[in-house]
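The values are calculated or read from the model by the stated rules, or taken from the named source; none is laboratory data. All figures in this text were calculated on a predicted structure; none of them were measured in a lab. When we count neighbours, we look across all protein chains shown, and the Cβ atoms used for this are built from the backbone with ideal geometry, even at glycine. For the accessible areas, the whole protein counts, side chains as well, though only heavy atoms, and no ligand, DNA or RNA atoms are used. Shrake-Rupley method; radii C 1.70, N 1.55, O 1.52, S 1.80 Å.
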Amino acid sequence: MNRKLLLGDEAIAQGAIDAGISGVYAYPGTPSTEIMEYIQKSKFAKEGKIHALWSANEKTAMEAALGMSYAGKRALVCMKHVGLNVAADAFMNSAITGVGGGLVVAVADDPSMHSSQNEQDSRYYGKFAQIIVLEPSNQQEAYEMTLGAFELSEKYGAPVLLRITTRLAHSRNGVDLQERRKPNEISLPEDPMQFVLLPSVAKKRYKILLSLQNEFVRESETSPFNKYFKGTNDKLGIITTGIAFNYLMENLSEGDLTFNVLKIGQYPIPIELVNKIYNDSEEILVLEEGYPLVEEYLRGLIAPSKKIMGRLTGEVPRDGELNPNIVAIALGFKMETSFEPPDFLTNRPPALCPGCGHRDVYKALNEVMENYGKQKVFSDIGCYTLGALPPFNSINSCVDMGASITMAKGAADAGLSPAIAVIGDSTFTHSGITGLLDAVNENSPITVIILDNSTVAMTGGQKASGEGKIPQICKGLGVEPEHVRVVEPLPKNHKLMVEIFKEEIEYKGVSVIVAQRECIQTLTRRKKALIKSKKITVTK
Amino acid sequence: MKKDIILAGVGGQGILSVAAVIGLAALDYGLVIKQSEVHGMSQRGGAVISHLRISDKEIYSDLIPEGKADMIISMEPLEALRHISFLKPGGWIISNNKPFVNIPDYPDKNKLYEELNSFPNSLLLNSDELAKKIKAPKSANIILVGAASLYLGIPFENLENGIKQIFGRKGEEVVAINLQALKLGRELAGSSA
Ligand SMILES: Cc1ncc(C[n+]2csc(CCOP(=O)(O)OP(=O)(O)O)c2C)c(N)n1
């Protein structure tokens, strides 16, 4: 048997390859990025048998995948949890159109917000779209569920959501692999109107989705990923979802516990199995990596007669990811740690790299803003968000990708002056372009600084979709050419940058300053690769 | 057989290659591993940690429970102490003693050493210097692995195989230098044990 050491993300990627996908579409985002990266490195992608390139954002990725599915082939879409907000329109409606070739949406949630703005739980999106959701507890399951997800998607003609969380995404374990399935040939939907969601069609398609709901529950009842372990002690029944099962088992192997356990890995929630553990047990403890989804269902509005414990009752913390210690405490075990970190330790937050061009921009901007007052700089998501922290303290917002430009516009509409937006190149092409068009249409008095480091730096240096095109895009949108300025953020250009920033802030219309200099990380990597391939030699 | 190891350092210090060497060695020896890593934001010069679990039986949790780690291997002294609550009584701390100062309020290093030395099983190595001495400045981490090897429960030859697997594609020279670093770490730990 073929066994490989894989991250949870990589197990999904390998599962998709072996499920016979013809394409994978994604926009990077921690903790989902490695799914696409793994497939890109596979021989199938290199031979052109799997289309594996980054999309401009999650919505375009979702739609391209739906297009591939329309053409009869299997497609995987990957994103981080907040990416699903961006793709939500396409995602929700793909449940109505249904699919041709298997369509699996892999979404990586980030409870505890290690690298994210929130810890939203994507299982609610699955429920919202009324489709099957799979949630692995380990890397082997991540692999098998991906294979299974494509089968379920083609069996029911519906997309399937595969949800993982940070710890599984970024943890390695051995995975046993299966033979690769044959990819699909091109085929078109039998009904040429299937994907035309005019109200008349949409009403029919929605009824089809509704008619599948009981089948989805039946699949859950018999799914190999939902298992009931009847114990010998009925005092407590424990329901786990996803990776929570591991933390429970970690503790069970310590003490000798014999309680009833229901492990859930496939949704909709298996109703009969839940009833079984409820009836068998005196009390219920729910352990979920994420929001209290199952727990809320169990409790309902009218509390059931038996005690239900979990995040809503305080046995488990209301927010944040789980870990073995939290689960131990929920089980009533005593947790002793022997050592505490001494109180003179200091924090070490992430910071902009030495030599990063973002630093030079913030230095210049700070100098200019001394004349204009504080809290007038809207920003966005990327490495440059670190400019909110000392020593820069340069920016005053980071909400969702693209929001810097539109928030600056709204604030300018309200009379704030000046209103500045600082946005990365990838964030700009992801969701900033449409906002800039809004501003251009009203000639809003905003100054937009686009930090063009030619890459998606925050997530590890993926290809940026606007590489080399940013000034052109801005001019194309209608920003006056003389107010599209390009600067090279280097210490030696400090004075020049200060001048240009001032000039454009003084201009009472839309101006864009593109600060263009390659990311120091990708530059170093590129140089190393060149030296290695002997294309350049270093002279000392 | 079960070893739970916390690897600590600063983003960019290479804790993942340390994890990979030990992890591959464990697999080579026929054990199973789970290894949780930090990707994303904190890799930009922030504190990073990896949980490496080695066992001859199925491992459930990707994370080591607090108070249960057999060993902390740290690329620098402040980070060694940051995760001290994971260490079990009698567990080992093996750390590079060279501070990585990228914050304005880095604590007094002597206070760090004092604290670290108060643990009965701690080994502070000036692995940066040692690595330079054997002309392998990039192998300071591997010296730490060598030092840890006495307590890992994995035969030395499997660790050597781990090195060969990790560095193999970088050429024989790199493999040789890292094998030397591994051996040096082992000898140092042996002589102070
Ligand atoms: C909707 C959404 N998708 C993805 C992410 C993850 N993410 C955060 S920053 C970033 C990229 C930023 O790239 P860029 O704007 O070029 O800035 P840089 O990091 O290069 O400075 C990504 C993909 C996110 N936070 N939200």
Buried by partner chains in the stretch A:452-471 (accessible area down by at least 50 Å² vs chain alone, 1.4 Å probe, heavy atoms, protein only) are A:Met458
With the full set of protein chains present, the residues of the stretch A:327-364 whose 1.4 Å probe accessible area falls by 50 Å² or more relative to the chain alone are A:Phe339, A:Phe344, A:Leu345, A:Thr346, A:Arg348, A:Pro350
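Mind giving me the FRET efficiency for A:Gln472 and A:Glu151? R0 is 56 Å, r the Cβ-Cβ distance, nearest 0.05 is fine.
After rounding, the FRET efficiency stands at 0.80.
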Computed, not fitted: 222 nm per-residue ellipticity of chain A from DSSP H runs ≥ 4 (each -39500 (n - 2.57)), nearest 500, equal to -11500 deg cm²/dmol
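Between A:Ile329 and A:Ile271, what's the calculated FRET efficiency when r is the beta-carbon distance and R0 is 41 Å? Round to 0.05.
0.90
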Computed for B with A: buried accessible area summed over both chains, 1.4 Å probe, rounded to 100 Å², at 4100 Å²
Violations at 26 Å Cα threshold for listed pairs A:Lys469/A:Lys527; A:Lys469/B:Lys170; A:Lys207/A:Lys307; B:Lys34/B:Lys88 -> A:Lys469/B:Lys170; A:Lys207/A:Lys307
Straight-line reach check, A:Lys475, cutoff 26 Å on alpha carbons, 8 or more apart in-chain or any other chain, hits among lysines -> A:Lys59, A:Lys376, A:Lys409, A:Lys463, A:Lys495, A:Lys502, A:Lys508
Given backbone amide H placed at 1.01 Å from N, residues whose amide H is under 5 Å from that of A:Ile449, ignoring those fewer than 5 places away on the same chain, are A:Ala421, A:Val422, A:Ile423, A:Ile513
Any residue on another chain or 5+ positions along whose placed amide H is under 5 Å from the amide H of B:Leu125 is listed here as B:Ser95, B:Asn96, B:Asn97
For chain B, dividing by residue count, accessible area per residue (probe 1.4 Å) in Å² works out to 39 Å²
Ordered by number, the trypsin sites (Lys or Arg not before Pro) in the stretch B:113-144 that occupy a DSSP loop and have at most 13 other Cβ atoms within 10 Å are B:Lys135
In Å, the C-alpha Rg and Dmax of chain B are 15.4, 45
With every protein chain in place, the residues of the stretch B:78-92 shedding 50 Å² or more of accessible area versus the chain by itself (probe 1.4 Å) are B:Arg82
Per GNM of chain B with C-alpha springs under 10 angstrom, the most fluctuating residue out of B:Gly46, B:Gly171, B:Gly146 is B:Gly171
Taking Cα pairs closer than 8 Å and at least 6 residues apart, the relative contact order of chain A in percent is 11 percent
Between the alpha carbon centres of the stretch A:333-349 and the stretch A:446-464 the gap in Å comes to 37 Å
Using alpha-carbon coordinates alone, the radius of gyration and Dmax of the stretch A:357-523 in Å work out to 14.0, 41
Any GluC sites (Glu not before Pro) in the stretch A:305-347 that lie in a DSSP loop and have at most 12 other Cβ atoms within 10 Å would be A:Glu336
Of the listed pairs A:Lys534/B:Lys138; A:Lys41/B:Lys2; A:Lys534/B:Lys132; A:Lys41/A:Lys155; A:Lys4/B:Lys183, those with alpha carbons more than 23 Å apart are A:Lys41/B:Lys2; A:Lys534/B:Lys132; A:Lys41/A:Lys155; A:Lys4/B:Lys183
If each part is reduced to its alpha-carbon centroid, the stretch A:154-195 and the stretch A:354-381 end up apart, in Å, by 44 Å
Counting only protein heavy atoms with a 1.4 Å probe and every protein chain in place, the carbon and sulfur fraction of the accessible surface of the stretch A:54-132 in whole percent equals 56 percent
Those helices of chain A passing the 20 Å axial Cα length cut-off and the mean Kyte-Doolittle cut-off of -0.5 (DSSP H runs only) are A:81-97
Projecting the Cα atoms of A:Gly468, A:Phe150, A:Leu168 onto the charge dipole of chain A, where Lys and Arg contribute +1 and Asp and Glu -1 at Cβ, the residue farthest towards the positive end is A:Gly468
Amide H contacts under 5 Å for B:His39, restricted to residues at least 5 apart in sequence or on another chain and with H modeled in the peptide plane, are none
Rounded to the nearest Å, the spacing of the alpha-carbon centers of the stretch B:122-193 and the stretch B:69-107 is 19 Å
Here the residues of the stretch A:283-325 lying in the modelled label zone of A:Thr337, meaning backbone nitrogen under 19 Å from a point 7 Å along Cα-to-Cβ, are A:316-325
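Taking the Cα centre of the protein assembly as shown as origin, work out the dipole magnitude from +1 charges on Lys and Arg Cβ and -1 charges on Asp and Glu Cβ, in debye rounded to 20.
Using Cβ point charges on Lys, Arg, Asp and Glu, the protein assembly as shown gives about 1900 debye.
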Carbon plus sulfur, as percent of the 1.4 Å-probe accessible area of the stretch B:2-192, comes to 51 percent
